[in-house]
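The values are calculated or read from the model by the stated rules, or taken from the named source; none is laboratory data. The model shown is predicted, which means the values in this text are computed figures rather than measured ones. Positions of Cβ are backbone-derived with ideal geometry, glycine not excepted, and every protein chain shown enters the neighbour counts. Ligands, DNA and RNA are stripped out before the accessible areas are found, and what is left, the full protein with its side chains, is counted by its heavy atoms. Shrake-Rupley method; radii C 1.70, N 1.55, O 1.52, S 1.80 Å.
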Amino acid sequence: MESIYFDHAATTPPRPEVVEAMLPHYRETWGNPSSLHWSGAAARQAMDRAREQVAALLAALPEEIVFTGSGTEADNQALIGAAIANQKKGDHLITSTIEHHAVLHTAQSLEKHGLQVTYLPVDSHGLVDPAAVQKAITDNTFLVSIMHANNEIGTMQPIADIGAICRERNVLFHTDAVQTAGHTPINVRDMNIDLLSLSAHKLYGPKGVGALFVRKGVRIAPLLHGGGHERGRRSSTENVPGIVGLGEAAHLAAQDMQWEMSHNAALRDRLIQGMLERVPDSMLTGHPTQRLPNSASFCVRYIEGESMLLNLDFERIAVSSGSACTSGSLEASHVLLAIGLPHDVAHGSLRVSVGRGNTMEEVEHFLEVFPPIVEKLRAMSPISPVQSADDWPGAEHEHQNHEH
Ligand SMILES: *Cc1c(COP(=O)(O)O)cnc(C)c1O
């Protein structure tokens, strides 16, 4: 079997049609879209089309789309831009403990600058309770930022309910939809979303380009000041080929969404079922049903995520682990700790995220290859089985943490 790519939550391979759509904008229509002469016109037109394509994916208007340099930038722009523009309204931000670092670290930075941040907890499936959002809103709240789907455990939040609460309380609502845009249906009107981040490379587009949806009438301050591009909302000469690639990717994603959702979900469900059946002391992380169609995430007891990842890589299978070994010490994922897992369990995390190019044969191959890897690693594991299999961490989490 050739190499298998099961890490679509990290990045997706650009679709050939996307690359084809981009090339002419390097070779021929390389003009500056701000130029008034002939060379700018073609670039401008291409960008207009891409803006319509991205808007269509979200049921937004083209003028509500601001192109950015990444999903990270879109998240920073939403939080910092809203904070600056709403200084008179209030200084309180509400977010969750399981956000991507692009939101979490931005919130922490705002805190250092004197703002108040509430980090809402999640339940053992990783869900934010809309009632908790409702309760946390004060007269000083200027923004609620809750991600649409979590990149590590796949849990999808009830963002339409959260959006409705924010609308009723007249508070802006931002959602990081980097994992869902192009993968699951999004309607910014029905879901009462004011600000939404997405990233091209997570939906089979190029890296280094993203977008922020900014609802008409919502005011946020720009992060980048300069020539006034993107209607003054994001100065910088535009990455025209990247933007065209994002537009094409959005267009194709909308077209293929129903097929892709069922294709991915079938692979995901077989992965989950096969894994829990064949690997003793393994558990699913995230919500059993309210989850991304392409994401299967687990914790495997008594071994470390990174060892599993490297052993699978040796078999040419690319997956991801929530735990990163930084400078020799294992750092457990903030998401896995937030859903209540003890450190030792969180260290054994594995994320398998499938995509449009994967097949059931690849899934079956994974299910053949993986159990022996687990057996081998357990045989040489320094982590002794201190707890029995029926002693799994539940919602109460009264377990000791076994630091190592
Ligand atoms: C990948 C990701 C980002 C960051 O997007 P980049 O374009 O890689 O900067 C933000 N949020 C989530 C949920 C992501 O998965």
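Matching residues to (1) under 23 Å from Val66 (Cβ atoms); (2) within 16 Å of the ligand (Cβ to nearest atom); (3) under 17 Å from the mean Cα position of the chain (by Cα); (4) without any contact (Cβ under 8 Å) to a residue 24 or more places away in the chain:
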site	(1), (2), (3), (4)
Leu104	yes, yes, yes, no
Glu111	no, no, no, yes
Leu115	yes, no, no, no
Pro121	no, no, no, no
Val133	no, no, no, no
His148	yes, yes, yes, no
Ile165	no, no, no, no
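May I ask you to say which residue of Pro62, Pro14, Pro33 is buried (at least 18 other Cβ atoms within 10 Å of the Cβ) and under 23 Å from Gly182 (Cα atoms)? Going through Pro62, Pro14, Pro33 in turn, the sole match is Pro14. Put simply, of Glu2, Glu20 the only residue that is at pLDDT below 95 and surrounded by fewer than 17 Cβ atoms within 10 Å (Cβ to Cβ) is Glu2.
Of the residues examined, Glu260 is one that is open to solvent by less than 20 Å² (accessible area, probe 1.4 Å), away from the ligand (no atom under 15 Å from the Cβ) and touching a residue at least 40 places away in the same chain (Cβ under 8 Å).
Checked against the criterion of being away from the ligand (no atom under 16 Å from the Cβ), over 30 Å from His251 (Cβ atoms) and among the aliphatic types (A, V, I, L, M), region 90-102 contains one or more residues that satisfy it.
If I filter region 65-87 down to residues being open to solvent by 20 Å² or more (accessible area, probe 1.4 Å), within 18 Å of Gly217 (Cα to Cα) and in a helix (DSSP H, G or I), which single residue comes out as nearest to the ligand (Cβ to nearest atom)? Don't jump to the end; show me each part of the working.
Taking region 65-87 and keeping what is open to solvent by 20 Å² or more (accessible area, probe 1.4 Å), we get 69-70, 72-73, 76, 80, 84-87.
This time we only want the ones that are within 18 Å of Gly217 (Cα to Cα), so: 80, 84-87.
Checking the rest, the ones that are also in a helix (DSSP H, G or I) come to 80, 84-85.
Details: Ile80: 15, Ile84: 21, Ala85: 22 Å.
Across region 65-87, the extreme among qualifying residues is Ile80.
Please pick out the residue among Gln45, Gln53 that is open to solvent by 10 Å² or more (accessible area, probe 1.4 Å) and without any contact (Cβ under 8 Å) to a residue 24 or more places away in the chain. Explain how you work it out, then say what you get.
Numbers: Gln53 fails: without any contact (Cβ under 8 Å) to a residue 24 or more places away in the chain.
It is Gln45.
The set of residues from region 344-362 being surrounded by 14 or more Cβ atoms within 10 Å (Cβ to Cβ), more than 23 Å from the chain's Cα centre (by Cα) and modelled with pLDDT of 95 or more comprises just one member, Glu362.
Residues of region 276-289 that are surrounded by fewer than 18 Cβ atoms within 10 Å (Cβ to Cβ) and not hydrophobic (A, V, I, L, M, F, W, C): Glu277, Arg278, Pro280, Pro288, Thr289. State whether one or more residues within region 90-104 are crowded, with 20+ Cβ neighbours inside 10 Å and under 14 Å from Glu238 (Cβ atoms). Scanning region 90-104, I find no residue that is crowded, with 20+ Cβ neighbours inside 10 Å and under 14 Å from Glu238 (Cβ atoms), so the answer is no. The number of residues in region 1-52 being of a type in the set (S, T, N, Q) and within 16 Å of the ligand (Cβ to nearest atom) comes to 2.
Put simply, of Gln255, Gln273 the only residue that is within 26 Å of Lys376 (Cα to Cα), modelled with pLDDT of 95 or more and surrounded by fewer than 19 Cβ atoms within 10 Å (Cβ to Cβ) is Gln273. Assigned by TED's automatic domain parsing to the domain that holds His183, closer than 21 Å to Val188 by Cβ and among the hydrophobic types (A, V, I, L, M, F, W, C) - does that describe any residue in region 104-126? Checked against the condition, which is being assigned by TED's automatic domain parsing to the domain that holds His183, closer than 21 Å to Val188 by Cβ and among the hydrophobic types (A, V, I, L, M, F, W, C), region 104-126 yields no hits at all. Selection of region 195-222 for residues being away from the ligand (no atom under 16 Å from the Cβ) and crowded, with 24+ Cβ neighbours inside 10 Å yields Val214, Ile220. Within region 304-323, being modelled with pLDDT of 95 or more, more than 16 Å from Ile153 (Cα to Cα) and part of a loop (DSSP other than H, G, I, E, B) holds for Glu315, Arg316.
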